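Take a look at the structure set out below.
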Amino acid sequence: MSHLNGITRDNAIHQLTNDVVTQEFDLANDSLLRVLLIKIAELESLVVINLHHIVADGWSMCILIGEINHIYKHLTQGVDDELAPLEVQYADYSHWQNQWMAGKVRDDELKFWKKQLNNVPALHSLPLDYPRPAELGVKGERKVATISSELLTRIKAVCAEQECTLFMFLQTAFALLLSRCSNEDEVVMGTPVAGRNDTALEPLIGFFVNSLVLRTEFDQNETFTQLLTRNKGDILSAFENQHVPFELIVEEINAPRSLSHHPVFQVLFSLQNTEKQLLEIDNVVWNPYNLENGNIKFDLELTATEKSGQIELIWCYNLDLFKEGTILHLVESYMALLNSILDNLDTSVLSLKLIEYEQEVESTEHSISKQIETEW
């Protein structure tokens, strides 16, 4: 691309990278790792790495970047230094998992999930802006908000006092928000779990992540601290029974399958509290390339990322179901709810303040336009 300039070059690069990341993988015939190197100028290049999710998860990407760092540094120094040998391979993990699933672990955990998900609602009850289509699309958009360092310090103080994790606090508050907005006394959501329960698995590139179902029930007379304590126990139980693949649970409970929604849960919550590893190579400056990929797997996804003493909240929503104004309501309501919780820990959850849906969408959009960054 070095023969092009300005907007022409930028458009060509964008089109090429977009074509690469949206090209489907043929699992029977394709290589599941694709790398594209684009020469932009004499001393500037763009590297695009695309992996199918079946062979790598988010944890794997940090490993991959670290190994590229290691190899590149040694190659530029003229040293042929191989990576340290792995203690086990992914095939070993697959073998172990098959053993687990053939024995008592499978039976005990399936028994837990059958009880936990008995009569679980097939769909959430959040108000939708559009009728749910027969086949849900994957086009999404996102809003980004920030929990300030001051607010985060207060939240962590409560977590220490209540002997719970940051994940437990933020997930409980998110579940409460969904309960209040949908006027339901139970909320079901999913959360990803790393699935690397042995230190020997930590340096492996592969797909280990699993989906856990978190089912939170509400008693409007209880306080937030009481809700947090009870939900903490449910979360711990879910993580203790994380070994059974989610797909097997769906089959065992005979969950309804439809092209219009994800089975069992349609809302996802996750917390990322580890800094992403960046390429660090002598005499080379690396900057991330922002690619407009607005695909979404669920109706609504909230990802909380801890970095630089703050929490970045990324709200992703399906454009087939929600308007921008509705999500802005959720964003500000969550922030209002967090502050109300911290000020009223021993007040009933029904009395905690949030921005209600009855308020005008336009006024809400205007009031928080300076606080929320809009991104694809």
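The values are calculated or read from the model by the stated rules, or taken from the named source; none is laboratory data. This is a predicted model, so every value here is computed, not measured. Methodologically, a virtual Cβ is constructed for each residue, glycine included, from the backbone with ideal geometry; neighbour enumeration extends over all protein chains shown. What goes into the accessible areas is simple: the full protein's heavy atoms, side chains included, and nothing from ligands, DNA or RNA. Shrake-Rupley method; radii C 1.70, N 1.55, O 1.52, S 1.80 Å.
Which condition number does Arg215 fail, the rest of (1) among the basic types (Lys, Arg); (2) closer than 17 Å to Glu109 by Cα; (3) surrounded by fewer than 17 Cβ atoms within 10 Å (Cβ to Cβ) being met?
Looking at each condition in turn, Arg215 falls short on (3).
Restricting attention to the range 283-313, which residues are among the charged types (D, E, K, R) and either closer than 23 Å to Arg132 by Cβ or surrounded by 12 or more Cβ atoms within 10 Å (Cβ to Cβ) (or both)?
Lys297, Asp299, Glu301, Glu306, Lys307, Glu312
Select from the range 135-155 the residues that are surrounded by 14 or more Cβ atoms within 10 Å (Cβ to Cβ) and either more than 20 Å from the chain's Cα centre (by Cα) or outside any strand (DSSP E or B) (or both) and list them in ascending order.
Within the range 135-155, Leu136, Leu151, Leu152, Arg154, Ile155 meet the criteria.
Going through the range 232-257 one residue at a time, which ones are open to solvent by 50 Å² or more (accessible area, probe 1.4 Å) and either more than 22 Å from Cys164 (Cβ to Cβ) or assigned to a loop (DSSP other than H, G, I, E, B) (or both)?
His243, Glu247, Glu251, Glu252, Asn254, Pro256, Arg257
Could you grab me the full set of residues in the range 180-210 that are touching a strand residue (DSSP E or B) at 6+ places or on another chain (Cβ under 6 Å) and in contact (Cβ under 8 Å) with a residue 40 or more places away in the chain?
Within the range 180-210, Glu186, Val187, Val188, Met189, Gly190, Thr191, Pro192, Val193, Gly195, Val209 qualify.
Filter the range 6-47 down to residues that are part of a loop (DSSP other than H, G, I, E, B) and open to solvent by 60 Å² or more (accessible area, probe 1.4 Å), then give me how many there are.
Number of matching residues: 9.
Within the range 48-90, which residues are of a type outside the set (Gly, Ala, Ser), under 19 Å from the mean Cα position of the chain (by Cα) and not in a strand (DSSP E or B)?
His52, His53, Ile54, Val55, Asp57, Trp59, Met61, Cys62, Ile63
Return the residue satisfying two criteria in turn: it lies in the range 107-134 and is closer than 30 Å to Pro203 by Cα and over 26 Å from the mean Cα position of the chain (by Cα), and of such residues it is least open to solvent (accessible area, probe 1.4 Å).
Looking at the filtered set, the residue picked out is Asp108.
Filter the range 321-344 for residues that are of a type outside the set (Asp, Glu) and open to solvent by 30 Å² or more (accessible area, probe 1.4 Å); which is nearest to Asn295 (Cα to Cα)?
Lys323
Which condition number does Leu201 fail, the rest of (1) over 22 Å from Gln116 (Cα atoms); (2) modelled with pLDDT of 95 or more being met?
It is condition (2) that Leu201 fails.
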